[in-house]
Amino acid sequence: MEHNVYLPRIGQIVEVKEEVKGARPIKSFRVQLLDGPIFPFRCGQCAMLSVFGKGESMISISSSPLQTDYLQFSVLKMGRVTSALHEMEPGDLIGVRGPYGNGFPVEKWKGKNIVFIGGGIGLAPIWSVLQTTLLQRADYGELCLIYGARTSHDLVFRQELTDLKAQIPVHLSIDVAEPGWSEFVGFVPQNVLDKKPSAVNSIAVTCGPPIMIKFVIMALKDLGFEDSQIYTTVENKMKCGIGKCGRCNIGHHYVCKDGPVYSWAELKQLPQEY
Amino acid sequence: MKVFFPKKEAFGWTLTEAAADGAIPSDYSYAVVPPKKLIFPQEEIFFEFQQTADEGLQLRETLPELPPQVIVGVRPCDGRAVAALDQVFSGSFEDPYYWRRRRATILVGLACNTPPSNNCFCSSLEGSPSSEEGLDVLLTDLGDRYYVRGLTEKGKELIRAQSSLFSDPTEEEKKLRNKISQEGAQKIKRHLEAARELPPKLKTMFDSPFWEEAALSCIRCGICTYLCPTCHCFDINDETRALAPLKGRRVRTWDTCQFPDFTMHSSGHNPRPNKAARLRQRLLHKFLYFVELYDRFQCVGCGRCLDLCPVGIDIIEVLSKARNHGA
């Protein structure tokens, strides 16, 4: 029997964590596959999750490939499928197919410093790389995280971020001042300019809202980062995940298959259609 | 074995399951819905799902099981379109639904003695009225008999299985066939000049205001893509039949880049927010991106989108203007 790329494997949700409440809620789901171990994948790759009866949604894998007990997905409630996912509890069954996309070239970054720059739910794909570099700490240089959200309640992985501060510099920000907030107040790109990560022998990985990415890249350029030192991810609507359904393309690149990870040097060559 | 044969309906010609007896009608032009419908159908059920308390979640794969299907009267442009689709549905992620149907299909082409449409322009796009690419057999109508070429193993086998119907062509028949082919090509009325110059030019035109003007009259009906023999874009949706217990199926359907929903994010953001961006996508996909990916046009010059567009958007005209834009 030929391999059916469209047929999902059945996954069971083993843990649900409420990251962010309110109008733009985020939950993290840990998923195991019923028919065997999880598939191997690379940092930054995605999987197509099914809620049967609702449809499929492409979600980045936020756990590290070195952690093989489960796949973690951090999901912002947005459309039909993600809303249905947010109703689900441990024990519930979903469909999983993947992994899809190119992933971050973490092997190439060994020996380099990495500055991670995230906004809101954009920390999810970064988290996979960050965890991987921490598990292989000796292979990398200085690591640091600059992460922000609209309010302190919109920051994901709050407990993990507190724990992370014991291992690497973590610079948080919120857009508007709140009582009791002792860290940076302002937008993520401003925090980048404030913390001035060095461009020497460094890679910057940035994920978040498109407008944030745009200004983060400008900030990084000001700090001396070359286009080829800056990596980001692109999102577009997807259905098949394998470069056939025709909707996620930017130029001749299908984001699902050829992306979602691009260096700024690569991305600026492509039409601005994302 | 099933046979599909040209049949005249009120709206035009179709390829319909039929007993293949007698000749293809002499007034046959082209099938309005191209033969892709039998290989990449408008609706394909991927699998059925069912969730009960007792049995949990069950998926039942519905890969098509079909007898060999012979499609008779495939125009050479449509054969080339199938060859282009083959490339899309191959690669590192092979599409099993497509290939189940494709492998069961035998394409019996019919060379165009006269162009089926006033808007035919296959010869501008590396094709011809007697092109063999993608076909298994090519028929050329010599008036009272067909000149038959078996092109693939599948096609040759079809001929061998009915060998009493065939005889070796005479020199005269060969000459007549060649003459008809040449005349067919000469009768083509529409031409897109220097098509290979288009991709580099279009690459410079992404941000051009040109597309706004070109798309002004578009009513975004999508007919240009639904009935295009090379268009392959699709949607995948779940159809729920019952909620408790959950029962339904996942279905692939044709989709079109001409609809706003095609690319609209669930946030409401749309990277192709207007019909100018969507017309640009359609033409750049066919004349730039596909060329970059596969070194061939994703247009075979069949003329359907010109014939069928309700507001008369003329792809040859638009592309010709694009090539001269800013010159």
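The values are calculated or read from the model by the stated rules, or taken from the named source; none is laboratory data. Only a predicted model underlies this, so the values are computations on that prediction, with no experimental measurement involved. Counting neighbours? That spans all protein chains shown, and the Cβs are built from the backbone with ideal geometry, glycine included.
Worth pointing out:
- Every residue from the stretch A:22-40 that is loosely packed, with under 15 Cβ neighbours inside 10 Å and free of Cβ contacts under 8 Å to residues at least 60 places away in the same chain: A:ALA23, A:LEU34, A:ASP35, A:GLY36, A:PRO37, A:PRO40
- Odd one out for A:MET218, checked against (1) over 20 Å from the mean Cα position of the chain (by Cα); (2) part of a helix (DSSP H, G or I); (3) within 14 Å of chain B (Cβ to nearest Cβ): (3)
- Qualifying residue in the stretch A:189-196 (condition: closer than 19 Å to A:PHE104 by Cβ and surrounded by fewer than 24 Cβ atoms within 10 Å (Cβ to Cβ)): no
- Counted residues, the stretch B:70-86 - those being in contact with a Leu (Cβ under 8 Å, 6 or more places away or on another chain) and surrounded by fewer than 24 Cβ atoms within 10 Å (Cβ to Cβ): 3
- Within the stretch B:291-307, being buried (at least 17 other Cβ atoms within 10 Å of the Cβ) and in a helix (DSSP H, G or I) holds for B:VAL291, B:LEU293, B:ARG304, B:CYS305, B:LEU306, B:ASP307.
- Listing of strands (runs of 3 or more DSSP E) fully contained in the stretch B:98-196 that carry 1 or more residues being over 30 Å from B:LEU308 (Cα atoms): B:146-150
- Residues that are over 14 Å from the mean Cα position of the chain (by Cα) and either away from chain B (no Cβ under 14 Å) or at pLDDT below 95 (or both), drawn from the stretch A:80-104: A:GLU89, A:PRO90
- Screening A:HIS153, A:HIS171 for residues that are assigned by TED's automatic domain parsing to the domain that holds A:LYS110, over 19 Å from A:PHE104 (Cβ atoms), not in a helix (DSSP H, G or I) and not small (Gly, Ala, Ser) leaves exactly one candidate, A:HIS171.
- Those residues of the stretch B:49-59 which are more than 13 Å from A:TYR6 (Cβ to Cβ) and outside any loop (DSSP other than H, G, I, E, B), in sequence order: B:GLN50, B:GLN51, B:THR52, B:GLY56, B:LEU57, B:GLN58
- The C-beta contact set for the stretch B:157-183 (first residue free of Cβ contacts under 8 Å to residues at least 24 places away in the same chain, second residue part of a helix (DSSP H, G or I), distance under 8 angstrom, 6+ apart or interchain) comprises B:PHE166/B:ILE159; B:PRO169/B:ARG177.
- Of residues in the stretch A:1-57 being over 18 Å from B:LEU246 (Cβ atoms) and of a type in the set (Val, Ile, Thr), the one nearest to the other protein chains (Cβ to nearest Cβ): A:VAL5
- Test: residue in the stretch A:258-268 that is among the hydroxyl-bearing types (Ser, Thr, Tyr) and within 13 Å of chain B (Cβ to nearest Cβ): no
- A single entry from B:GLN50, B:GLN42 fulfils the requirement of being in contact (Cβ under 8 Å) with a residue 40 or more places away in the chain, of a type in the set (S, T, N, Q) and away from chain A (no Cβ under 11 Å): B:GLN42.
- Single unsatisfied condition, B:GLY150 versus (1) in contact with a Lys or Arg (Cβ under 7 Å, 6 or more places away or on another chain); (2) in contact (Cβ under 8 Å) with a residue 24 or more places away in the chain; (3) of a type outside the set (Lys, Arg): (2)
- A count restricted to the stretch B:142-176 and to residues that are in contact with a strand residue (DSSP E or B) (Cβ under 7 Å, 6 or more places away or on another chain) and within 23 Å of B:VAL82 (Cβ to Cβ) stands at 11.
- Of everything in the stretch A:66-79 that is more than 16 Å from A:GLU18 (Cα to Cα) and more than 11 Å from every other protein chain (Cβ to nearest Cβ), the residue that is surrounded by the most Cβ atoms within 10 Å (Cβ to Cβ) is A:LEU71.
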